[in-house]
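Colleague: Before I ask anything, here is the structure I am working with.
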Amino acid sequence: MALLIPIFLFMLLELVLRVSHYGKDYSTFVRLPDQYPGLIFFNPDLPKKYFDDNVAVPSVIPDGFKDIKDKNTFRVFVLGGSTTAGFPYPTNASFPRQLKRKLQLLYPDKQFEIINMGVSAVNTTFMAQYIRDVLDQSPDLILIYAGHNEYYGAYGAAAAGLIKGDNPLLSWFFYLKEYKTYQLVENLIAYTARYFHDEAPFGSGKTLMAEMAGDRLVKHNSPEYKEGINQFRLNLEYILSECKSANVPVIIGTLTSNLLQKPLDSVTNPNSLSNKIFKSAEKISTTDSAGAYNLFVEAKEKDMLRFRAPAEMNKIIGGMRLRYGSTIADIDSLFKNKCEKGIPGYSIFVDHLHPNIYGHQLIANEYFNQIIERGLLSEPDNKNLWALSDKILKETFPFTRFDSTFADIKIRVLLNSFPFKKGYGTQIIFSNYKPSNYSDSLALQTAEGKISWTAGHTLLAEYYFSKQNYKAFFKEMMSIIFDKPFDTYTYKSTASYLIEAKQFVPAYTVVSLLHNVNPDIYTLKTMGHLSVNLGQYPRAEYFLKEALKLDTSDPEVLYFLSLSQFYSGNFSESAKNVKACLRLNPNYSDARQLNEILLNR
C-alpha cells in the first residue's frame, strides 16, 4: 500500500498540472478554432520538445489544411530541415511553395494542399517521431529532403547530450516529455541553472548553426561518423516502412551541397586535411574538371565540421527504391548537370548547402516530374501552358525587394558567423547594414526580429498605397496572401483598398482567389460588383444570381444585378430586380435613380 502513495501523488500532480494547462502541448498538429475553424496546423510548440532553452528554437511553417479532406484535394506533406523550410528566404521561395504554385497553375480544376513541415536544425529523428501522425491525415504523397542535420541537428550523432538519435532510449525520453510533471521538473532545473550562471538565454549572439555545432568535430569513419550514418538509415527505414504499411507513396530527394565551399573545419585549422585536398582541387579545376570534381567531393567528405551530408547517405537513399518502393528524385545529379563543369557551386547555392531561388525552382520541378512519372497525377492537359509554366511562375512570383533584402541580411549574418568565420558577428552585421530606402529598413527590422515578416510587408504596402503606387501595393499584399491563403481577412482588406482606389482589375484578382479558397456571399457579391465596373455584364449577372441563391434579402446584390441587366439590354428583368431592391431598402439612392431611368424609357 505504501508503494502506491508516490504513484497516487504523481497522478494527482499530473492531473492538477493538466487541468491548469501548465506546460506545452506537444501534439504534432493543433487546431485554432477561434481564428481558423476547420483547419489544422503543424504545432508551433513541437520543436521546443527537441531543443534546450539556451538556443533560439526554430519556428514551424503555418501551412493550414482542412480537417476534413475534400474529395478533389491532392494532399502532400513535405518533410525536411532548413532547405525544405526555404532558409534563408521567406517561405514563398521554398521548393514546396514553388511546387504548389506549379500544380495550381497546371491543374486548375484540382485543389492542392502542400504542407511544408521543414524545420531548421532537425534531422530524421524528429521526423520519425511524428510520421504516424502525418499518415493519420490522409496524405496522397510524402516528399522528403533530409539528411544534412544528422550530426548537429537536435539529438544528432555529434550533438551535445548523452542520448543520441540511434539510442533506443530516445523514444522513451520523448515520451516522458509529454508528461506535465516531467516538464515541471525540467523547467525547475533550467531556472536553477540560469540563476547560478548569471547569463540570459540567447545572450551569445550566435546563429542557430553555431549553437548546435559548437566545437565538435567528426572525423571521417570515426565512431561518431558511423553513428550519424546508422541513425539516418534506421530512421529512414522506419519512416518508409510506416508509409509503405499505410500505402502512401514517397518521393525522396538525394542530398546535394556546395562543393566550392571551402571546408568549414579550415576556419579554425587552415592545415586540415580537407583544406589541403580542396586546394589541390582548385589548382586543377581549370584543366581537369572531372578530377577536380572528385577532389572537391573528397574535401567535403573529409571536412570534420559535418554540416554537409556524407555521400554514404545518398547510397542509403538509393537503396530504398527496391526495399520500400520509394521514388528517388535525384537532386544531386540535377544540380551537378546544371552547374559549370559539373561542379555544384555558388551559381546554385547561397552558402554551404542552401539553394538559391533558382535551386529551389529546380528541386520543385524535379519533384513535379517524379509525380508525373510515377503516375500520381496525369500529364497536364494544356501542353502549351506546361511549356510556359516556369516563365509564367517567374513573372507572378510572390517575392519582392523586401524579401530579397531580408534574405540577403540573413545570408550576411550566417556567412560572417562561425563556422564560416571566427567569432560571432550577428549584431555587427545588423548595425553595419545601411538601408537605402523604406523597404530595406523594414527588411532589416524583420531580420532583427523587431517586427514580423507579415507586418513588414503590410507596412510597406500601406506606404505604397499612400504614394498611390497601387501596383507595388498589390505585390506586397499578394506575398502575404500566397503565404497564408487561408487567412480571409488579408484578401478582404486588400480588395477593400483596391476598390477604394478604383483598381478594379487587381481587386477582382484578389477576390477571385478568395472565392477559390472560401466561396461565400461576400466573394460572389463582390465579383459581381467588380464585373459591373469592368463592363463584364454577363459575368456579373452570373455571380449576382449565385449570390441571390444564398441571400435573397440583400438590396445591394439586387441593385447590381439590375444594373448589369440594364447594361445588357434586359430592361424587364432589370426593372423587376430594382423594384425588389427598393422594397427591401426604399432609401437606396442609386437604385431609385436606376428605377427612374427605367420608368422614363
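Every read-out reported here was derived from the displayed coordinates using simple, explicitly stated rules and does not represent laboratory data. Because the structure is predicted, anything quoted here is derived from the model rather than measured. Positions of Cβ are generated from backbone atoms using ideal geometry, with glycine treated the same way; all protein chains shown enter the neighbour counts.
Colleague: Could you name the lysines in cross-link range of residue 422, using Cα to Cα under 27 Å and dropping any fewer than eight places away on the same chain?
Modeller: Candidates past the 8-residue exclusion: 206, 219, 262, 276, 279, 283, 300, 302, 410, 434, 450.
Colleague: Taking the Cα centre of segment 401-599 as the origin and placing charges on Cβ (Lys, Arg +1; Asp, Glu -1), which of 428, 411, 580 is farthest toward the positive end of the dipole?
Modeller: Positive-most Cα among the choices belongs to 428.
Colleague: What net charge do the residues around residue 241 carry, taking every other residue with its C-beta under 13 Å from that of residue 241, with Lys and Arg at +1 and Asp and Glu at -1?
Modeller: Here the count lands on +2.
Colleague: Shifting gears a bit: Take peptides 453-466, 578-591, 83-96 and line them up by average Cβ neighbours within 10 Å, highest first, as a rough protection proxy.
Modeller: Per-residue Cβ counts within 10 Å, averaged per peptide and sorted highest first, yield 83-96, 453-466, 578-591.
Colleague: Here is a further query. Per 20 Å bin from zero, what fraction in whole % of the C-alpha pairs of the chain is there, up to the bin with the longest pair?
Modeller: Reading the bins upward from 0: 17, 46, 27, 9, 1.
Colleague: For segment 262-306, taking Cα atoms only, what is the radius of gyration to one decimal and the Dmax to the nearest whole Å?
Modeller: 10.0, 30
Colleague: For the residue pair residue 415 and residue 269, what label-to-label distance in nm results when each label sits 7 Å from Cα along the Cα-to-beta-carbon direction?
Modeller: That separation, rounded to one decimal, is 2.6 nm.
Colleague: Compute the Cα gyration tensor for segment 234-280, then decide on rounded, prolate or oblate, letting a ≥ b ≥ c be the square roots of its eigenvalues: rounded whenever a/c is under 1.5, prolate when a/b is larger than b/c in the other cases, and oblate in all that remain.
Modeller: The shape class here is prolate.
Colleague: For the chain, take the longest principal axis of its alpha carbons; what is the angle in degrees between that and the long axis of helix 488-500, to the nearest 10 within 0 to 90?
Modeller: That helix lies at roughly 50 degrees to the long axis.
Colleague: Quick one: Debye curve from the alpha-carbon atoms of segment 561-601 only, equal weights, vacuum; give me log10 I(q)/I(0) at q = 0.25 Å⁻¹ to two decimals.
Modeller: For segment 561-601, the Cα-only Debye profile gives -0.75.
Colleague: Shifting gears a bit: Using Cα centres only, tell me the gap between segment 413-469 and segment 486-529 in whole Å.
Modeller: Here the two parts' Cα centres lie 30 Å apart.
Colleague: List 560, 112 from most exposed to least, where exposure is judged by having the fewest other Cβ atoms within 10 Å.
Modeller: So the residues, fewest neighbours to most, are 112, 560.
Colleague: Stick to the Cα atoms of segment 401-599, pair each with every other, and give me the Kirkwood hydrodynamic radius in Å at one decimal.
Modeller: After inverting the mean inverse Cα-Cα distance, the result is 19.6 Å.
Colleague: Using the alpha-carbon atoms, what tilt in degrees (0 to 90, nearest 10) does helix 223-245 show relative to the longest principal axis of the chain?
Modeller: Between helix and principal axis, roughly 40 degrees.
Colleague: Counting only other residues whose beta carbon sits under 15 Å from that of residue 298, what net charge do I get with K and R as +1, D and E as -1?
Modeller: The answer is +3.
Colleague: To the nearest 0.05, how large is the calculated FRET efficiency for residue 596 and residue 502 if R₀ is 30 Å and r is the Cβ-Cβ distance?
Modeller: 0.75
Colleague: When the label point is put 7 Å from the Cα of residue 178 along its Cα-to-beta-carbon vector, which residues of segment 28-60 have a backbone N closer than 12 Å?
Modeller: 28
Colleague: If you don't mind, another one. Using +1 at the Cβ of each Lys and Arg and -1 at the Cβ of each Asp and Glu in segment 401-599, identify which of 543, 514, 485 lies farthest towards the dipole's positive end.
Modeller: Toward the positive end, the furthest listed residue is 485.
Colleague: Show me 257-267, 70-80, 523-533 ranked by packing, highest mean number of other Cβ atoms within 10 Å first.
Modeller: In decreasing order of mean packing, 257-267, 70-80, 523-533 become 523-533, 257-267, 70-80.
Colleague: Within a Cβ distance under 15 Å of residue 601, other residues only, what is the Lys/Arg minus Asp/Glu net charge?
Modeller: 0
Colleague: To the nearest 10 degrees, how steep is helix 504-517 against the longest Cα principal axis of the chain, on a 0 to 90 scale?
Modeller: With both axes taken from Cα atoms, the answer is about 60 degrees.
Colleague: Helix-derived [θ] at 222 nm for the chain: sum -39500 (n - 2.57) over DSSP H runs of at least 4, divide by residue count, nearest 500?
Modeller: Counting only the DSSP helices, I get -17500 deg cm²/dmol.
Colleague: Then there is this: So how do 594-601, 468-475 stack up, highest first, on mean other-Cβ count within 10 Å?
Modeller: Packing proxy ranking, top to bottom: 468-475, 594-601.
Colleague: Can you give the % of DSSP beta bridges in the chain that are antiparallel, to the nearest 5?
Modeller: Of those bridges, close to 25 percent are antiparallel.
Colleague: From the square roots a ≥ b ≥ c of the eigenvalues of the alpha-carbon gyration tensor of segment 12-121, which class results: rounded (a/c under 1.5), prolate (a/b over b/c), or oblate?
Modeller: It is oblate, given that a/c is not under 1.5 and a/b is not larger than b/c.
Colleague: Thinking of segment 461-514 as a set of Cα atoms, what percent of all their pairs are more than 15 Å apart?
Modeller: 35
Colleague: Same structure, new question: Classify segment 279-429: rounded, prolate or oblate, from the alpha-carbon gyration tensor (a ≥ b ≥ c, eigenvalue square roots; a/c under 1.5 rounded; otherwise prolate if a/b is larger than b/c)?
Modeller: Oblate is the answer for segment 279-429, as a/c is 1.5 or above yet b/c matches or exceeds a/b.
Colleague: Charges only on Cβ, +1 for Lys and Arg, -1 for Asp and Glu: so what's the dipole of the chain about the Cα centre, in debye to the nearest 20?
Modeller: The calculated dipole for the chain is roughly 780 debye.
Colleague: Please give, to one decimal in nm, the separation of the simple spin-label points placed at residue 369 and residue 545, each 7 Å out from Cα toward the Cβ.
Modeller: 4.7
Colleague: If the cut-off is 23 Å between C-alpha atoms, which lysines fall inside it for residue 545, apart from same-chain ones fewer than 8 positions away?
Modeller: Counting by Cα, and skipping residues close in sequence, residue 545 has these lysines nearby: 492, 525, 576, 579.
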